[in-house]
Amino acid sequence: MAEEASFRDGVASVPGLSGASESVAADQQPKKFPKGVVLGKDGKPCRSCTSFASWAAQTKRDVATGSRAVSTSTTAVTSGPPADCPPDVETLGRSTWTLLHSIAASYPELPSQGQKSDLLSFVGLFSKLYPCWVCAEDFQGYMARQKPQVNSRDEFSQWLCRAHNDVNRKLGKPEFDCSKWDERWRTGWKDGRCD
Ligand SMILES: Cc1cc2nc3c(=O)[nH]c(=O)nc-3n(C[C@H](O)[C@H](O)[C@H](O)COP(=O)(O)OP(=O)(O)OC[C@H]3O[C@@H](n4cnc5c(N)ncnc54)[C@H](O)[C@@H]3O)c2cc1C
């Protein structure tokens, strides 16, 4: 039997997803979802806010075989969704960081005013449109505390690296050494393994 958490329409409790808030409407009956399932603002489970393990438990699907499962444990599953399925929070996050860091890697060393303005607009819109709404709200919070720095590639890449580390810390992941950002995302590692 899956471990369950109670949620109510329009409100998400987000074990394992930091930064989300919990509140309840007194006149509504709780709905049952497995632990870790995050609700969207429409009150329905939000796939791109939830790990595949929790999503699969919610749909009672055995992740390993793709068949309907006997067990709905959220702890036994570690892999993400199949490649041709909608992304879970981790797959979406990984792909998004790849895009964001790659944008930083191709940003000019000496951008024009127009390029600075475009990047600021992009980051602002991105933070509003990101499909995992709890992630998006936390990212907006980070941007309010630490204004995006877009005066050069180096400035933006270091800002982005710190922003990513802020999420890493929240999730209990190791912090990335930002002095290695250029090798990781632009030039490839000095040992030549990317060439
Ligand atoms: C804006 C945003 C907000 C997010 N918020 C949440 C959230 O609130 N809750 C949640 O559960 N998930 C969130 N995610 C997803 C989460 O950050 C991870 O993408 C996901 O957990 C998968 O992690 P991962 O270990 O595969 O590596 P990722 O964190 O996706 O990183 C991918 C690769 O980037 C490199 N890297 C790691 N840190 C840095 C860094 N600081 N600078 C440069 N490169 C680095 C590493 O090589 C790593 O393998 C968010 C994603 C984004 C884009």
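With respect to the conditions (1) part of a helix (DSSP H, G or I); (2) closer than 26 Å to Gly36 by Cβ; (3) within 11 Å of the ligand (Cβ to nearest atom); (4) at pLDDT 95 or above, Ser54 falls short on a single one, namely (4).
Flag not set for Tyr107, criterion: at pLDDT 95 or above, buried (at least 16 other Cβ atoms within 10 Å of the Cβ) and within 13 Å of the ligand (Cβ to nearest atom). Residues that are more than 9 Å from the ligand (Cβ to nearest atom) and within 27 Å of Val150 (Cα to Cα) within segment 82-102 comprise just one, Ser102. The condition of being of a type outside the set (Ser, Thr, Tyr) and loosely packed, with under 12 Cβ neighbours inside 10 Å holds for only one of Gly188, Gly172, Gly124, Gly141, that being Gly172. Evaluate segment 141-159: report whether one residue or more is touching a residue at least 12 places away in the same chain (Cβ under 8 Å), in a helix (DSSP H, G or I), over 18 Å from Ile103 (Cβ atoms) and within 11 Å of the ligand (Cβ to nearest atom). There is at least one residue in segment 141-159 that is touching a residue at least 12 places away in the same chain (Cβ under 8 Å), in a helix (DSSP H, G or I), over 18 Å from Ile103 (Cβ atoms) and within 11 Å of the ligand (Cβ to nearest atom).
The values are calculated or read from the model by the stated rules, or taken from the named source; none is laboratory data. This is a predicted model, so every value here is computed, not measured. Cβ sites come from the backbone with ideal geometry, for glycine too, and all protein chains shown count toward neighbours.
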